[in-house]
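Enquirer: Below you'll find the structure I mean.
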Amino acid sequence: MVKITTVKTKPYTDQKPGTSGLRKRVTVFQQNQHYAENFIQSIISVIEPAERQAATLVVGGDGRFFMKDAIQLIVQISAANGINHLVIGHNGIMSTPAVSCVIRKRKAVGGIILTASHNPGGPNGDFGIKYNISSGGPAPEGITNKIFEISKSLQEYHICPDLKVDLSKIGKQTFEVDTFKPFTVEIVDSVDDYAEMLRGIFDFAALKELLSGANHINVRLDAMHGVVGPYVKKIVCEELGSPANSAVNCVPQEDFGGHHPDPNLTYAADLVKTMKGGEYDFGAAFDGDGDRNMVLGKHGFFVNPSDSVAVIAANIKSIPYFQKTGVKGLARSMPTSGALDNVAKTLQMDLYETPTGWKFFGNLMDAGKLSLCGEESFGTGSDHIREKDGLWAVLAWLSILATRKQSVEEIMKDHWQKFGRNFFTRYDYEEVDSDAANKMMKDLEAAMFDPSFKGKKFSSGDKTYEVAIADNFAYTDPVDGSVSKNQGLRIIFSDGSRVIFRLSGTGSAGATIRLYIDSYEKDAQKIYQDPQAILAPLVDIALKLSQLHERTGRTGPTSCFFVLFCFFFLNVCLINSCHSFVCHILTNMERHCTFSS
Ligand code: G16
């Protein structure tokens with residue numbers, strides 16, 4: 001019989017879940033007494049006691065440092081609170097999309113995911129704990145607010161300190177716990193259920209032909225030492241026949257090999273370099289927990305995430321799942337470029353604009369209003385689960401390549417010709433002083449809300465923009481009517497260009513200010529112009545208006561997307577033989593932006 005102990009604790013005031021769970025430095029979880037225990041108890045406390053004895057919870061993580069310790073705490077606290085059954089990935093490993101899949105398949109009450117996504121790991125890196133609900137999606141604000149409220153007043157938690165499970169042993173382990181029904185911990189293969197789901201979504205025979213048939217293409221997939229490694233190995237290499245060396249960095253590591261598991265051109269630089277060699281036709285990288293993805297074509301041709309979801313939407317019939325379900329609607333987060341809107345308009349599909357955070361898509365999917373969605377932050381997914389899904393996005397692109405028999409670059413350029421192009425950039429100012437960031441946002445909002453702001457003209461160089469709309473984005477969920485306010489300051493100009501300021505909800509220290517710029521070009525002659533030149537006047541106006549540098553003491557962003565454009569522009573210009581001009585731009589950009597996040 002396993003004994004339950006009640007431990008006295010003190011409440012914490014800083015456990016408010018952000019955009020996607022509670023993310024802090026590992027040291028915060030380790031050094032503050034009962035910190036992790038308090039948050040886990042607060043999560044379990046939102047499950048009604050009457051429900052717990054019949055409840056299954058799914059648990060998995062991205063393999064980062066402290067994950068296994070946190071899983072043992074989840075086991076001990078779940079048992080002591082009367083949870084009946086835990087389903088845990090082998091050695092604790094389970095990607096975020098796979099957890100969502102297993103929650104749905106097992107009809108679990110929810111799941112706990114141990115990840116800080118793309119943030120670095122290791123003893124000095126970040127850790128995170130996220131709660132997902134029975135739909136498989138991240139808990140909505142109503143529930144995360146409840147968790148936060150409980151955490152602020154928690155005086156004690158319940159735990160079975162002597163209970164230990166062997167995470168390496170696949171199968172069921174059952175324990176007798178005091179007054180409760182027997183408590184079962186089931187360790188499952190990390191990949192099986194997820195792989196079975198993908199077989200029902202895509203045409204695996206066509207993908208196998210593409211990857212290993214007579215006229216196969218060569219792919220390069222970089223798991224960045226995150227959780228996706230075992231999934232890529234088993235599904236893409238073993239099942240779809242891609243050679244073993246087409247997948248790299250596939251063993252999950254506690255510190256992601258000392259790198260940022262962040263799939264962008266800065267942190268997946270090795271992949272970019274390899275792709276530039278021209279040996280591979282398609283490349284992709286994934287983040288720590290496997291929900292984000294970056295897609296590259298031959299010679300490192302970069303697909304902007306806002307474009308990626310738009311291309312999948314425009315070619316959605318290449319994916320058998322949508323042939324069966326039909327397309328119910330499309331959605332993007334507010335700061336994501338309007339590329340998807342252009343597809344929705346042309347193909348007469350409903351489009352929803354939600355706040356940043358995958359959780360906002362869930363209600364629309366559950367109500368049968370949404371099939372496909374994406375975010376500028378390298379997230380793409382559909383209603384097959386309730387999380388964004390990196391490997392799904394890659395198989396979606398490969399399905400399009402298999403159907404169209406064109407290269408990534410040809411497909412992208414054809415898309416711009418047909419729908420026009422949204423030029424997009426994002427500037428990130430990380431670990432800024434929180435008070436300074438909040439004050440800047442407050443003062444900017446006050447200026448924007450002045451009645452004279454609408455209609456005001458702003459100029460930079462020879463460009464002038466007139467303010468059409470200025471607001472702090474608020475979202476009313478069309479399904480349950482819940483309102484989410486203060487989701488980002490939005491200035492929309494009369495030509496449709498947008499400047500957006502937002503405070504990130506995923507940082508682990510200080511505040512991160514994000515500045516997003518989106519500008520649309522319909523003229524087919526102009527879609528290959530230098531993005532920097534197109535966006536520079538809007539950046540200039542945004543920085544002057546907000547006084548962002550003066551207010552934060554920064555001289556430039558911690559990272560920005562211009563480097564992404566430069567890679568793409570380099571491609572285009574190489575074709576047009578103006579390589580030296582691009583090198584000049586790259587050199588100049590490096591003076592203004594540091595790309596270490
Ligand atoms: C999370 C959310 C995404 C969101 C992203 C960025 O992603 O799931 O929906 O776009 O954070 O959020 P922010 O701009 O607030 O930092 P992930 O991959 O970090 O879990």
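Enquirer: When every alpha-carbon pair in region 182-267 is counted, what percent end up more than 20 Å apart?
Expert: In whole percent, the share of Cα-Cα pairs in region 182-267 beyond 20 Å is 45.
Enquirer: Over region 367-438, calculate the relative contact order: mean separation of alpha carbon pairs under 8 Å at least 6 apart, over the residue count, as a percent.
Expert: That works out to 13 percent.
Enquirer: Here is a follow-up. Between the helical axis of 390-404 and the dominant principal axis of the chain, each derived from Cα atoms, what acute angle in degrees is found, rounded to the nearest 10?
Expert: Result, in degrees: 50.
Enquirer: How large is the accessible surface of Asp462 in square angstrom, using a 1.4 angstrom probe and rounding to the nearest 10?
Expert: Roughly 140 Å² of Asp462 is accessible to a 1.4 Å probe.
Enquirer: Looking at region 260-392, what % of its DSSP beta bridges pair antiparallel, to the nearest 5?
Expert: Expressed as a percentage, antiparallel bridges in region 260-392 total about 65.
Enquirer: Moving on. Given 25 °C and 0.890 mPa s, how large is the Stokes-Einstein diffusion coefficient of region 121-203 in µm²/s, with Rh as the Kirkwood radius over Cα pairs?
Expert: 143 µm²/s
Enquirer: Of Lys345/Lys369; Lys208/Lys405; Lys107/Lys146, which pairs sit farther than 18 Å apart, going by alpha carbon to alpha carbon? Don't skip to the answer; put the middle values down first.
Expert: Working: Lys345/Lys369 16 Å; Lys208/Lys405 14 Å; Lys107/Lys146 23 Å.
Listed pairs above 18 Å: Lys107/Lys146.
Enquirer: So, one more: Students sometimes get this wrong: rank Ser337, Ser168 by accessible area, probe 1.4 Å, all chains present, largest first.
Expert: My answer, sorted largest first, is Ser168, Ser337.
Enquirer: If you don't mind, there's one more thing I want to ask. On a C-alpha basis, how far is the centre of region 218-292 from the centre of region 460-475 in Å? Whole number, if you could?
Expert: One Cα centre to the other: 39 Å.
Enquirer: Of the heavy-atom accessible surface of the chain (probe 1.4 angstrom), what whole percent is carbon and sulfur?
Expert: The C+S portion of the solvent-accessible surface of the chain is 49 percent.
Enquirer: Can you run the Rg to Rh ratio on region 357-449? Use alpha carbon positions and the Kirkwood inverse-distance Rh.
Expert: With Rh from the inverse mean 1/r over Cα pairs, Rg/Rh is 1.10.
Enquirer: Could you check what % of the DSSP bridge pairs in the chain are antiparallel, to the nearest 5?
Expert: Of all bridge pairs located within the chain, approximately 70 percent are antiparallel.
Enquirer: Give me the compactness ratio for region 293-445, meaning the Cα radius of gyration over 2.2 N^0.38 Å.
Expert: Dividing the Cα Rg of region 293-445 by 2.2 N^0.38 Å gives 1.10.
Enquirer: Next up: State the answer as a single residue: which of Asn132, Ile159, Gly229 lies farthest towards the positive end of the charge dipole of region 119-237, with beta carbon charges of +1 for Lys and Arg and -1 for Asp and Glu, about the Cα centre.
Expert: Comparing the listed Cα positions along the dipole, Gly229 ranks first.
Enquirer: Please give the solvent-accessible surface of Glu410 in Å², to the nearest 10, using a probe radius of 1.4 Å with every protein chain present.
Expert: Counting only protein heavy atoms, the figure is 100 Å².
Enquirer: So what's region 159-309 giving for Cα Rg divided by 2.2 N^0.38 Å, two decimals?
Expert: Compactness ratio reported: 1.29.
Enquirer: Based on alpha-carbon centroids, what's the gap between region 392-422 and region 70-118 in Å, whole number please?
Expert: Region 392-422 and region 70-118 have Cα centres separated by 36 Å.
Enquirer: Measure nothing but the geometry: give the 0 to 90° angle between the long axis through the Cα atoms of 434-448 and the longest principal axis through the Cα atoms of the chain, rounded to 10°.
Expert: Between the helix axis and the principal axis of the chain, the angle is about 50 degrees.
Enquirer: Accessible area per residue for the chain in Å², computed with a 1.4 Å probe and the full protein assembly in place, what is it?
Expert: 37 Å²
Enquirer: Multiplying the sequence separation of Glu176 and Lys442 by 0.36 nm and subtracting their Cα-Cα distance, what value in nm do you get?
Expert: 90.3 nm
Enquirer: OK, next. If you place +1 on the Cβ of every Lys and Arg, -1 on the Cβ of every Asp and Glu, and leave all else neutral, what size is the dipole of region 333-471 about its Cα centre, to the nearest 20 Debye?
Expert: Roughly 620 debye for region 333-471.
Enquirer: Arrange the peptides 254-264, 156-166 so that the one whose residues have, on average, the most other Cβ atoms within 10 Å appears first. Write down the numbers at each step before the final one.
Expert: Details: 254-264: 21.7, 156-166: 17.1.
The packing order, highest mean first, is 254-264, 156-166.
Enquirer: Then there is this: How high is the relative contact order of the chain, in percent, with contacts defined as C-alpha pairs under 8 Å that are six or more residues apart?
Expert: Values: 1338 pairs, mean separation 75.1, N = 597.
Computed value for the chain: 13 percent relative contact order.
Enquirer: Can you give me the solvent accessible area of Val483 with a 1.4 Å probe, rounded to the nearest 10 Å²?
Expert: Its accessible surface works out to 80 Å², give or take rounding.
Enquirer: Angle check, please: helix 562-575 long axis (alpha carbons) against the longest principal axis of the chain (alpha carbons), in degrees 0 to 90, nearest 10.
Expert: In the chain, helix 562-575 runs at an angle near 50 degrees to the longest axis.
Enquirer: If you consider only alpha-carbon coordinates, what radius of gyration and Dmax does region 240-330 have, in Å?
Expert: Answer for region 240-330, Rg first and Dmax second: 15.2, 43 Å.
Enquirer: Roughly what percent of Cα-Cα pairs across region 63-153 reach past 23 Å? Kindly include the intermediate steps, with their values, before the conclusion.
Expert: Working: 958 of 4095 pairs.
Looking at region 63-153, the distances longer than 23 Å represent 23 percent of pairs.
Enquirer: Suppose R0 equals 35 Å; then what is the FRET efficiency for Ser168 and Lys105 from their Cβ-Cβ distance, rounded to the nearest 0.05?
Expert: After rounding, the FRET efficiency stands at 0.95.
Enquirer: As an exercise, find the ratio Rg/Rh for region 319-360 from alpha-carbon atoms, using the Kirkwood inverse-distance average for Rh.
Expert: Reported Rg/Rh, Kirkwood definition of Rh: 1.01.
Enquirer: Counting other Cβ atoms within 10 Å, which trypsin sites (Lys or Arg not before Pro) in region 51-133 have at most 10 and lie in a DSSP loop?
Expert: Answer in residue order: Lys107.
Enquirer: Treating the beta-carbon of each Lys and Arg as +1 and of each Asp and Glu as -1, no other charges, what is the dipole magnitude of the chain about its Cα centre, to the nearest 20 debye? Mind showing how you got there, number by number?
Expert: On the way: 62 positive and 67 negative charges, 96 e Å.
In total the dipole reaches around 460 debye.
Enquirer: Any idea how far the Cα center of region 308-383 sits from the one of region 31-58, in Å?
Expert: Each part's Cα centre sits 33 Å from the other's.
Enquirer: What shape does region 426-473 have by the C-alpha gyration tensor, where a ≥ b ≥ c are the square roots of the eigenvalues, rounded means a/c under 1.5, and otherwise prolate means a/b greater than b/c and oblate the rest?
Expert: oblate
Enquirer: When every alpha-carbon pair in region 1-76 is counted, what percent end up more than 16 Å apart?
Expert: 58 percent
Enquirer: Just the number, please: percent antiparallel of the DSSP beta bridges in region 10-149, rounded to the nearest 5.
Expert: 50 percent
Enquirer: Would you calculate a helix-derived [θ] at 222 nm for the chain, using -39,500 (n - 2.57) for each DSSP H run of n ≥ 4 and dividing by the full residue count, to the nearest 500? List each step's numbers first, then the result.
Expert: On the way: 20 runs with 208 residues, N = 597.
It comes out at -10500 deg cm²/dmol, rounded to the nearest 500.
Enquirer: Now a separate question. When N is the residue count of the chain, what does its C-alpha Rg come to as a fraction of 2.2 N^0.38 Å?
Expert: Relative to the 2.2 N^0.38 Å estimate, the chain comes out at 0.95.
Enquirer: Consider just the alpha-carbon atoms of region 45-200 and return their Rg together with their Dmax, both in angstrom.
Expert: Considering region 45-200 through its Cα atoms, Rg and Dmax are 15.0, 47 Å.
The values are calculated or read from the model by the stated rules, or taken from the named source; none is laboratory data. Model, not experiment: these values are computed from the prediction. A quick note on method: Cβ atoms are made from the backbone with ideal geometry, for glycine too, and the neighbour counts reach across all protein chains shown. Only protein heavy atoms, including side chains, enter the accessible area calculation; ligands, DNA and RNA are left aside. Shrake-Rupley method; radii C 1.70, N 1.55, O 1.52, S 1.80 Å.
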